[in-house]
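Participant: My structure is below; once you've seen it, I'll send some questions.
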Amino acid sequence: MVRTAAGWELTAAGSQHVARIAGPLMSSPIPQVASSLRAHLVKIGSPDTQRFVEEAIVCFETRQYRAAVVLSWVGAVSVLQQHVVSNALPAFNVEAVKRDSKWKIAKNADDLGRMKEHEFLDVLEAISVIGKNVKQELQKCLQLRNGCGHPNSLQVADHKVSAHIEDLMLNVFAKF
């Protein structure tokens, strides 16, 4: 390290030494994504949702990738359900009944949980809570969540999970 007018800076030799010590962590997205998620965590109003997201962050940091995918998805759905309850419940129920005449009118987030998540996304698009492209990205996230949430041979690693979490962060956690 050397002292400059701007403060302390790492020299090229120092960077090489840090890279040898840190190894694969130097190119890993884990610290940056976890830090970004933690910044959004404090903005989530629901304590239940905060716990889902906190668990997802811990799973991601400890390389429990399948669990991180599942929990981050659960947190995102919780955020969307809370948004519907607070801002769009009448419109949601009208659209849900149009699609399924047996739909029992939802009064709270738990009631919304009776609907399959892919149908939930369809209704959100229909009532303009999310747009078509956001729905398509969230459907991909749901598909990955389904792959990670059931016994199978699917393998995921840090970059795939990082992209999944980033999609949820940009399209759900940062917006709702």
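The values are calculated or read from the model by the stated rules, or taken from the named source; none is laboratory data. These figures come from a predicted structure and were not determined experimentally. Every residue, glycine as well, gets a Cβ built from its backbone with ideal geometry; the counts of neighbours run over all protein chains shown.
Participant: Would you mind stating whether Ala96 is part of a helix (DSSP H, G or I), crowded, with 17+ Cβ neighbours inside 10 Å and either under 10 Å from the mean Cα position of the chain (by Cα) or without any contact (Cβ under 8 Å) to a residue 12 or more places away in the chain (or both)?
Facilitator: Details: part of a helix (DSSP H, G or I): yes; crowded, with 17+ Cβ neighbours inside 10 Å: yes; either under 10 Å from the mean Cα position of the chain (by Cα) or without any contact (Cβ under 8 Å) to a residue 12 or more places away in the chain (or both): no.
No.
Participant: Quickly run through segment 24-57 and pick out the residues that are assigned to a helix (DSSP H, G or I), surrounded by 14 or more Cβ atoms within 10 Å (Cβ to Cβ) and among the hydrophobic types (A, V, I, L, M, F, W, C).
Facilitator: Scanning segment 24-57 gives Ile30, Val33, Ala34, Leu37, Leu41, Phe52, Val53, Ala56, Ile57.
Participant: Scanning segment 144-154 for residues that are in contact with a Lys or Arg (Cβ under 9 Å, 6 or more places away or on another chain) and outside any loop (DSSP other than H, G, I, E, B), which turns out surrounded by the fewest Cβ atoms within 10 Å (Cβ to Cβ)? Let's see the steps before the verdict.
Facilitator: Taking segment 144-154 as the starting set, the residues that turn out to be in contact with a Lys or Arg (Cβ under 9 Å, 6 or more places away or on another chain) are 144, 147-149, 154.
Now drop any that are not outside any loop (DSSP other than H, G, I, E, B), which leaves 144, 147-148.
Numbers: Leu144: 22, Gly147: 16, Cys148: 21.
This residue is Gly147.
Participant: Where residues in segment 105-143 are part of a helix (DSSP H, G or I) and touching a residue at least 40 places away in the same chain (Cβ under 8 Å), which of them is nearest to Ala163 (Cα to Cα)?
Facilitator: For segment 105-143, the residue satisfying everything is Cys141.
Participant: Picking from Ala39, Ala13, Ala6, which residue would you name as being among the hydrophobic types (A, V, I, L, M, F, W, C) and modelled with pLDDT of 80 or more?
Facilitator: Numbers: Ala13 fails: modelled with pLDDT of 80 or more; Ala6 fails: modelled with pLDDT of 80 or more.
Among Ala39, Ala13, Ala6, only Ala39 is among the hydrophobic types (A, V, I, L, M, F, W, C) and modelled with pLDDT of 80 or more.
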